[in-house]
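Student: Take a look at this one; I'll ask things after.
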Amino acid sequence: ENYFQSGWKEDLSGTGLTYSYERKLNFVQAPLLLHAFAGSKNTRYFLNIGPQIGYLLSESENIIDNSKVFEQHGKIVENKFQYGIVAGAGLEFHLWKTVLGVEGRYCYQFSNIFNDEIGSYFNTSSIQAISINAHLLFRLK
């Protein structure tokens, strides 16, 4: 289970306007990953791939100069449940009872945060993310 924060920023300050908008979305996610690895006893390369589900815990907005109003401003996320696919590759070092690793990961959500029926404002509003993750594991035995 993972905690994940995503969102976006809109900034038109370069156009001479003071308009700025920011939205943050906080999710709990649960991936089910196939973990394949190769390498030596002390150094391993690995690949993770599989489906992922998530649920929106909270959201927040910040608007500066709300004279510009777009469809997504003030709109509550309509689909709190998310599902998608995740894939990543990384490297681990196994040192005595400790494992130190780093992974690059890409996530694509098939579901949209806003409704996208024919005639609606949004064609798509799915979340995509690239992340770099580090982990430190301790063996108990």
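The values are calculated or read from the model by the stated rules, or taken from the named source; none is laboratory data. In this text the structure is predicted, and so the values were computed from the model without any measurement. Cβ coordinates were reconstructed from backbone atoms using ideal geometry, including for glycine residues, and neighbour counts include every protein chain displayed. Side chains included, ligands, DNA and RNA excluded: accessible areas come from the protein's heavy atoms. Shrake-Rupley method; radii C 1.70, N 1.55, O 1.52, S 1.80 Å.
Student: For the stretch 40-86, give me each residue that is open to solvent by less than 60 Å² (accessible area, probe 1.4 Å), touching a Leu at 6+ places or on another chain (Cβ under 9 Å) and part of a strand (DSSP E or B).
Tutor: Those that are open to solvent by less than 60 Å² (accessible area, probe 1.4 Å), touching a Leu at 6+ places or on another chain (Cβ under 9 Å) and part of a strand (DSSP E or B): THR43, PHE46, ASN48, GLY50, GLN52, LEU56, SER58, SER60, GLN82, VAL86.
Student: Then there is this: In the stretch 96-116, which residue that is in a loop (DSSP other than H, G, I, E, B) and among the hydrophobic types (A, V, I, L, M, F, W, C) is farthest from LYS41 (Cα to Cα)?
Tutor: PHE114
Student: Considering only the stretch 115-133, state which residues are surrounded by 10 or more Cβ atoms within 10 Å (Cβ to Cβ) and at pLDDT 85 or above.
Tutor: Matches in the stretch 115-133: SER126, ILE127, GLN128, ALA129, SER131, ILE132, ASN133.
Student: Filter the stretch 1-27 for residues that are part of a strand (DSSP E or B) and touching an Asp or Glu at 6+ places or on another chain (Cβ under 6 Å); which is modelled with the lowest pLDDT?
Tutor: Ranking the candidates gives SER20 first.
Student: For the stretch 87-104, what are the residues that are open to solvent by 80 Å² or more (accessible area, probe 1.4 Å) and either touching a strand residue (DSSP E or B) at 6+ places or on another chain (Cβ under 9 Å) or basic (Lys, Arg) (or both)?
Tutor: Answer for the stretch 87-104, where residues must be open to solvent by 80 Å² or more (accessible area, probe 1.4 Å) and either touching a strand residue (DSSP E or B) at 6+ places or on another chain (Cβ under 9 Å) or basic (Lys, Arg) (or both): PHE93, LEU100.
Student: Filter the stretch 105-114 down to the residues that are farther than 19 Å from ALA38 by Cα and either surrounded by 15 or more Cβ atoms within 10 Å (Cβ to Cβ) or over 22 Å from the mean Cα position of the chain (by Cα) (or both) and list them by number.
Tutor: Of everything in the stretch 105-114, those that are farther than 19 Å from ALA38 by Cα and either surrounded by 15 or more Cβ atoms within 10 Å (Cβ to Cβ) or over 22 Å from the mean Cα position of the chain (by Cα) (or both) turn out to be CYS107, GLN109, SER111, ASN112, ILE113, PHE114.
Student: For residues that are loosely packed, with under 11 Cβ neighbours inside 10 Å and of a type in the set (A, V, I, L, M), scanning just the stretch 25-35, find the one that is farthest from the chain's Cα centre (by Cα).
Tutor: The residue in question is LEU34.
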